[in-house]
Amino acid sequence: MERVTLRIPKQQIEEVEQLVETGEFPNRSEAIRSAVREMINEQQDGRRESASTGKRSWAKV
């Protein structure tokens, strides 16, 4: 596994901490890994959808 350093707004980290405290995730790293996996899956689903309809389902901002 590779280490990545990133900056996240305090409010979002507090929300991640809540997920850890309630037992939804064992630690912050696993919560963030889960979020990244979900984002990648959504992107892949969006690509499949846009390929079949010819439309993009999201835009970079």
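Filter region 40-55 for residues that are assigned to a helix (DSSP H, G or I) and either basic (Lys, Arg) or open to solvent by less than 100 Å² (accessible area, probe 1.4 Å) (or both) and give the result.
Residues satisfying the conditions are Ile40, Asn41, Gln43, Gln44, Asp45, Gly46, Arg47, Arg48, Ser50, Ala51, Ser52, Thr53.
Considering only region 16-38, how many residues are part of a helix (DSSP H, G or I) and open to solvent by 100 Å² or more (accessible area, probe 1.4 Å)?
So the count comes out to 5.
Give Lys60, Lys10 a once-over and let me know the one that is open to solvent by 100 Å² or more (accessible area, probe 1.4 Å) and at pLDDT below 95.
Lys60
The values are calculated or read from the model by the stated rules, or taken from the named source; none is laboratory data. Since the model is a prediction, treat every value here as computed from it, not as a measurement. Surface areas here come from the heavy atoms of the whole protein model, side chains and all, with no ligands, DNA or RNA. Shrake-Rupley method; radii C 1.70, N 1.55, O 1.52, S 1.80 Å.
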